[in-house]
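The values are calculated or read from the model by the stated rules, or taken from the named source; none is laboratory data. Given the structure is predicted, the values throughout are model-derived calculations rather than measurements. Cβ sites come from the backbone with ideal geometry, for glycine too, and all protein chains shown count toward neighbours. In case anyone asks, the SASA skips ligands and DNA or RNA and just uses the protein heavy atoms, side chains included. Shrake-Rupley method; radii C 1.70, N 1.55, O 1.52, S 1.80 Å.
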Amino acid sequence: DSACKNRPLDLVFIIDSSRSVRPEEFEKVKIFLSEMIDTLDVGERTTRVAVLNYASTVKVEFPLRTYFDKASMKEAVSRIEPLSAGTMTGLAIQTAMDEVFTEEMGTRPATFNIPKVVIVVTDGRPQDQVQDVAASAQAAGIEIYAVGVDRADMQSLRIMASEPLDEHVFYVETYGVIEKLTSKFRETFCAADACALGNHDCEQVCVGGGGSYLCGCYEGYALNPDKRTCSAVDTCAPGRHECDQICVSNNASYACECYEGYSLNPDKKTCSAVESCAPGRHGCAQLCLRDGGSFSCGCFEGYALNPDKKTCSAVDVCAPGRHDCEQVCVRDDLFYTCDCYQGYTLNPDKKTCSRAITSSLVTTEESCKCEAIAALQDSVTSRLEALSTK
């Protein structure tokens, strides 16, 4: 015993609780499960255990991710109740593939090289097609052990079990002696190697058999040059991620994001351009201006963009540099008109000004009046001069 320790497994028990299994016999099956658990090196990084209960229907009593200690696991086993009715063994194996042997439910990634194992315990003949389902499971890397009790159909056991059959098919006469198989499975799962015994110096993962081993690392880590320890890798380094635009590191994993104006597709990797100026997609107060897959904000005439690059403020249209009037700018709400200084007139271009021209032409009547006034002024001047000499 000191030289043998069960190798890490992702182990699923599939137990028959159809009508042919009497209540007291089902209790024997639960005892068998508990004793099997006692022989295993149960833990998150060692052997993980799940239990499926089946008859006409299938119930996942607990998946691989739920319990990592023997006491909690055995307590859950003690609470299992029989389902009765038929014997849908093929459906049970299919359910194990679809709902238990997934990473979401606790199965470890293929890179960890953890064996996936199923132990089917039944006392009858399957009422569905088990051969194709078992073949699919084995093709997916699942090793199947078939345990028959009492009235179990041996041909069905051989059909569902993995090769070699003499190592994967077991039979006992009654549920009362099923516990005898505990030691048999303990020998089967025994791993007398450095990794299982703990005689290694790998920091994270030990992979090996016999007297040799190699060290490995969990996903998101890389083996250091010393071939023993591991360091977290930059998951966003070129070639290490599948993000279309932006990769965001998240501990030993990463998430993908998109540039402004793009949205993440359902595959969580690629990005698609969005209608960036569609209502509700921008924060522009007045104008949204598309620029490829992005946008910028603008303002109506007479307004200027504020420093926040979104809102607008009215401008002084007559401020220097904001109009093209040559002389006078006259504001008119948000617009303006041009005017000229006194003595100038506005040119047809409505912007520049020219000096005004006064006419030198007078009428004959006006000319006579001017001469009469001039003569009177001369007469008065002469009289004044005469009086002043006297």
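State all residues of the range 232-259 that are touching a Gly at 6+ places or on another chain (Cβ under 8 Å) and either over 20 Å from ALA222 (Cα atoms) or of a type in the set (S, T, N, Q) (or both); if no residue qualifies, say none.
THR235, ASN251, SER253, TYR259
Output the strands (runs of 3 or more DSSP E) that fall wholly within the range 54-150 and possess 1 or more residues being buried (at least 20 other Cβ atoms within 10 Å of the Cβ) and hydroxyl-bearing (Ser, Thr, Tyr), or say none. First the steps, then the outcome.
Working: elements: 58-62, 116-122, 142-149.
Those strands (runs of 3 or more DSSP E) span 116-122, 142-149.
Residue pairs, Cβ under 6 Å, 6 or more apart or interchain, first in the range 139-153 and more than 17 Å from PRO115 (Cα to Cα), second assigned to a helix (DSSP H, G or I). List them.
As it stands, the answer is GLY148/LEU157; VAL149/TYR175, since those pairs meet every condition given.
List pairs: first in the range 321-338 and touching a residue at least 24 places away in the same chain (Cβ under 8 Å) and in a loop (DSSP other than H, G, I, E, B), second open to solvent by 70 Å² or more (accessible area, probe 1.4 Å) and basic (Lys, Arg), Cβ under 8 Å, 6+ apart or cross-chain?
Sorted first by the residue in the range 321-338, then by its partner, the pairs are ASP324/LYS351; CYS325/LYS351; GLU326/LYS351.
Taking the range 9-42 as the search range and keeping residues that are touching an Asp or Glu at 6+ places or on another chain (Cβ under 7 Å) and surrounded by fewer than 21 Cβ atoms within 10 Å (Cβ to Cβ), which one is modelled with the lowest pLDDT?
Going residue by residue through the range 9-42, those that are touching an Asp or Glu at 6+ places or on another chain (Cβ under 7 Å) are 16, 20-21, 31-32, 35, 42.
From the residues that got through so far, the ones that are surrounded by fewer than 21 Cβ atoms within 10 Å (Cβ to Cβ) too are 20, 31, 35.
Values: SER20: 88, ILE31: 93, GLU35: 91.
The selected residue is SER20.
Do we have any residue at all in the range 277-286 that's within 30 Å of LEU346 (Cβ to Cβ), at pLDDT 85 or above and more than 22 Å from the chain's Cα centre (by Cα)?
Checked the range 277-286: no residue is within 30 Å of LEU346 (Cβ to Cβ), at pLDDT 85 or above and more than 22 Å from the chain's Cα centre (by Cα).
Please give the strands (runs of 3 or more DSSP E) falling wholly within the range 240-294 in which 3 or more residues are assigned by the TED database to the domain that holds ASN306 and either in contact with a Leu (Cβ under 8 Å, 6 or more places away or on another chain) or charged (D, E, K, R) (or both). Spell out the reasoning first.
On the way: elements: 246-250, 253-257, 262-264, 271-273, 287-291.
Answer list for the range 240-294: none.
Among (1) assigned to a strand (DSSP E or B); (2) open to solvent by 50 Å² or more (accessible area, probe 1.4 Å), where does ARG48 come up short?
So ARG48 meets the others, but not (2).
Could you check the range 43-75 and list, in sequence order, the residues that are more than 24 Å from ILE114 (Cα to Cα) and among the hydrophobic types (A, V, I, L, M, F, W, C)? Give the derivation first.
Step one: list which residues in the range 43-75 are more than 24 Å from ILE114 (Cα to Cα), which gives 54-59, 75.
Passing the criteria: ALA55, VAL58.
Looking at the range 295-308, which of its residues are outside any loop (DSSP other than H, G, I, E, B) and more than 30 Å from GLU242 (Cβ to Cβ)? Give the derivation first.
So the first thing to find is which residues in the range 295-308 are outside any loop (DSSP other than H, G, I, E, B), and the list is 295-298, 303-305.
Within the range 295-308, SER296, CYS297, GLY298, TYR303, ALA304, LEU305 meet the criteria.
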